[in-house]
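For reference, the structure is listed below as C-alpha cells.
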Amino acid sequence: MNIILIGFMGAGKSAVGQLLARDLGYNYLDTDTLIEQTEKRSVSAIFAAEGEAHFRDLESEVLKTLQDYDGFVLSTGGGMVLRAENISLLKSLGKVILLWADPATLYERVKNETHRPLLKVDDPLAEIKKRLTDREPNYRAAADETINTAGQEPAEIVEEIKQWLKSK
Ligand code: S3P
C-alpha cells in the first residue's frame, strides 16, 4: 500500500509525510525532490527558466514513474491536483489524504520561507486565499480522507492518519 499526501503549500505534507513514513516503516518520497533530482536544478529554477506549465508536465511524469512501486508515503507539490490526469494517477497509486488548513494558518507556516516561486508576490496571503479557493474542488475530488491540520502538531496528524488507516 502507498499513502499520498496532498494539500496546499504549508499544509504540512513534508513534516507529516516524513514522520508517518518512519512510523509505518515505509519509504518517504516527495515529488518536488524527485523532480529536482531528475532535473538537477531547483523547483524555482525550473519555474524561472520554463514556467509553471512545464513544471506541471514534470509532475505528471514523476507520478507515472512511481506506478510500479509499493510501500511509500508520497508528499506532493501543492499544485499536483491541478490536472485531472494527475488526480487519476494519484488515486491509482494509493490512498490519498488531503491535509487542509485555512489561509491564515498556511500563511503563518510559509511566511519565513523563500523557496516557493508562487508566493514571491507582494501580498502572499491574498495569493494563498485566491489559489486555495481555485484549487479546493480539485483537492476535494482527489481526497479519500481530509484532515484539518490547523492547530495540530505533525505527530498528532500522524496519529489521526493511522486511526483512519485502521478503520479501512
Ligand atoms: C507549488 C507547491 C510547491 C512546489 C511548487 C509549486 C504549488 O510544493 O511544487 O513551488 O503550485 O502549490 P509544496 O506544496 O511542497 O510547497
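For THR38, which of the numbered conditions (1) near the ligand (Cβ under 10 Å from one of its atoms); (2) more than 21 Å from GLN152 (Cβ to Cβ) fails to hold?
Unmet for THR38, out of (1) near the ligand (Cβ under 10 Å from one of its atoms); (2) more than 21 Å from GLN152 (Cβ to Cβ): (1).
Hey, among PRO137, PRO124, which residue is surrounded by 16 or more Cβ atoms within 10 Å (Cβ to Cβ), at pLDDT 95 or above and of a type outside the set (Val, Ile, Thr)?
Step by step, each of PRO137, PRO124 is checked, and only PRO124 is surrounded by 16 or more Cβ atoms within 10 Å (Cβ to Cβ), at pLDDT 95 or above and of a type outside the set (Val, Ile, Thr).
Can you pull out every residue in segment 1-27 that is surrounded by fewer than 17 Cβ atoms within 10 Å (Cβ to Cβ) and not in a loop (DSSP other than H, G, I, E, B)?
Listed by number, the residues that qualify are SER14, GLN18, ARG22, ASP23, ASN27.
Of the conditions (1) more than 16 Å from the chain's Cα centre (by Cα); (2) in a helix (DSSP H, G or I), GLN67 fails just one. Which one is it?
That leaves (2) as the condition not met.
Please go through segment 115-168 and pick out each residue that is among the polar types (S, T, N, Q) and under 23 Å from ARG83 (Cβ atoms).
Listed by number, the residues that qualify are THR133, ASN138, THR146.
At least 1 residues that are in contact with a Phe, Trp or Tyr (Cβ under 8 Å, 6 or more places away or on another chain) and touching a residue at least 40 places away in the same chain (Cβ under 8 Å) in each: list the helices (runs of 4 or more DSSP H) lying fully within segment 100-168 that qualify.
The helices (runs of 4 or more DSSP H) meeting that bar are 103-110, 124-142.
Looking only at segment 127-145, count how many residues are under 13 Å from ASP102 (Cβ atoms) and either away from the ligand (no atom under 11 Å from the Cβ) or basic (Lys, Arg) (or both).
3
Any residue at all in segment 53-61 that is surrounded by fewer than 22 Cβ atoms within 10 Å (Cβ to Cβ), of a type in the set (Ser, Thr, Tyr) and either touching a strand residue (DSSP E or B) at 6+ places or on another chain (Cβ under 8 Å) or within 21 Å of ALA141 (Cβ to Cβ) (or both)?
Checked segment 53-61: at least one residue is surrounded by fewer than 22 Cβ atoms within 10 Å (Cβ to Cβ), of a type in the set (Ser, Thr, Tyr) and either touching a strand residue (DSSP E or B) at 6+ places or on another chain (Cβ under 8 Å) or within 21 Å of ALA141 (Cβ to Cβ) (or both).
Look at THR38 and say whether it is surrounded by fewer than 13 Cβ atoms within 10 Å (Cβ to Cβ), β-branched (Val, Ile, Thr) and either modelled with pLDDT under 95 or in a helix (DSSP H, G or I) (or both).
Yes: the conditions hold for THR38.
The values are calculated or read from the model by the stated rules, or taken from the named source; none is laboratory data. Bear in mind the structure is a predicted one, so any value in this text is a computation, not a measurement. In this analysis, Cβ positions are derived from the backbone assuming ideal geometry, glycine residues included, and neighbour counts consider all displayed protein chains.
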